[in-house]
Amino acid sequence: MLKGGNRFYFHFSGKRGLLPEKEAHHLIRVCRKKKGEDIYLIDGKGREYLGKIIKINHKGKTLEVEVEILNLQRVENPPSVKIISFIPILKGDKTEFLIEKGVELGIYGFKIFSSIHTIPRLTPEKLERFKEKALSAMKQSGRLYFPEIEIINNLIDYLRKNSLEDGLKFLASPDGRPCLREFYEILKNPPEKIYLLSGPEGGFSREEIEEALKRGFTKVSLSPYVLRAETASLTLMCLAGGALLNL
């Protein structure tokens, strides 16, 4: 029986199948696993299995690794409260960092957005990096649900066209009221969903703030000081994740 160890993501149906190429590479070339060894397999849908390596095929630089599911090890129930974080696209790898930390904190879904004052642009390549970072964080943290990740190319259009489901909605803003009381209230009457929204490096436009308020967001202050975009986003997720931990 395994004690600890890495987890490897799979998405085939049935008892046997091939691991995704990057998972196969990590399994064989990084972790140095061999045919016949037991490994942990996760499906990103709440289940962890004990599995075994059945075949390893080397095709040039490509690896094909066939594994077999042996038995179910652990089941994670869906969260009773789903936290959805609107994260701005930020310079460098800051957005990836926030996704990684959000996964560790139990954030259910991420909406990565561009807005009027956003500086970097969203690309298909960045979306793939976001998913890879989320998968890596899921495996490392022991979480069994892969988070929902949605790209929003224009925040204000999204807010106008999408009616967010009922739930608590928090907008990080220096002129908001102190937020700890708001998060303590979550413990008394847990909502089904919590929406978190914080701005990009260039801040929100007046129109974006007005639209968010129309959609039911409440301004909350996270600090007596001005926070960087990544600090504000991470603080919101920490507060919401901490409330979720105590439910």
In the set E182, E208, the lone residue that is assigned by TED's automatic domain parsing to the domain that holds H117, at pLDDT 90 or above and in a helix (DSSP H, G or I) is E208
Picked from the range 185-205 (must be over 19 Å from S115 (Cα atoms) and surrounded by fewer than 19 Cβ atoms within 10 Å (Cβ to Cβ)), the residue modelled with the lowest pLDDT is L187
**Report entry** Yes/no for F146 being more than 13 Å from F8 (Cα to Cα) and either in contact with a Phe, Trp or Tyr (Cβ under 9 Å, 6 or more places away or on another chain) or free of Cβ contacts under 8 Å to residues at least 24 places away in the same chain (or both)
**Finding:** no
Notebook entry, point to check: Is the range 146-169 home to any residue that is farther than 25 Å from H117 by Cα, within 15 Å of the chain's Cα centre (by Cα) and not in a strand (DSSP E or B)?
Noted result: yes
Only unsatisfied item for H58, checking (1) assigned to a strand (DSSP E or B); (2) within 21 Å of K22 (Cα to Cα); (3) touching a residue at least 12 places away in the same chain (Cβ under 8 Å), is (3)
Residue in the range 62-70 that is part of a loop (DSSP other than H, G, I, E, B) and under 21 Å from M138 (Cα atoms) present: no
The lone condition C238 fails out of (1) surrounded by fewer than 17 Cβ atoms within 10 Å (Cβ to Cβ); (2) within 20 Å of the chain's Cα centre (by Cα); (3) closer than 24 Å to N162 by Cα is (3)
The one condition K111 fails out of (1) more than 29 Å from E211 (Cα to Cα); (2) basic (K, R); (3) in contact with a strand residue (DSSP E or B) (Cβ under 6 Å, 6 or more places away or on another chain) is (1)
Checklist entry - With respect to F86, is the statement that it is in a strand (DSSP E or B) and closer than 25 Å to F170 by Cα true? => result yes
Cβ pairs under 9 Å, 6+ apart or interchain, first in the range 210-230 and in contact (Cβ under 8 Å) with a residue 60 or more places away in the chain, second among the hydroxyl-bearing types (S, T, Y) and part of a helix (DSSP H, G or I), ordered by first then second residue, are E230/T95
Residue check, N77 loosely packed, with under 15 Cβ neighbours inside 10 Å and part of a loop (DSSP other than H, G, I, E, B)
yes
Of those in the range 188-205 that are in contact (Cβ under 8 Å) with a residue 40 or more places away in the chain and not in a loop (DSSP other than H, G, I, E, B), the residue farthest from P120 (Cα to Cα) is K193
Quiz item: Does the range 64-74 contain at least one residue that is under 29 Å from Y158 (Cα atoms) and touching a Phe, Trp or Tyr at 6+ places or on another chain (Cβ under 6 Å)?
Solution: no
Considering residues that are within 15 Å of L127 (Cα to Cα) and of a type in the set (F, W, Y), the number found within the range 137-158 is 1
Per the filter on the range 105-143, residues aromatic (F, W, Y) and either at pLDDT below 90 or outside any helix (DSSP H, G or I) (or both) are Y108, F110, F113
Scanning the range 77-106 for residues that are touching a Phe, Trp or Tyr at 6+ places or on another chain (Cβ under 6 Å) and either among the charged types (D, E, K, R) or under 30 Å from K34 (Cβ atoms) (or both) gives K82
Within the range 30-48, residues in contact (Cβ under 8 Å) with a residue 24 or more places away in the chain and either charged (D, E, K, R) or out of contact with any strand residue (DSSP E or B) (no Cβ under 9 Å at 6 or more places or on another chain) (or both) come out as D38, D43, K45, R47, E48
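The values are calculated or read from the model by the stated rules, or taken from the named source; none is laboratory data. None of the values given here were measured: they were computed from a predicted structure. Cβ: placed from backbone, ideal geometry, glycine included. Neighbour counts: every protein chain shown.
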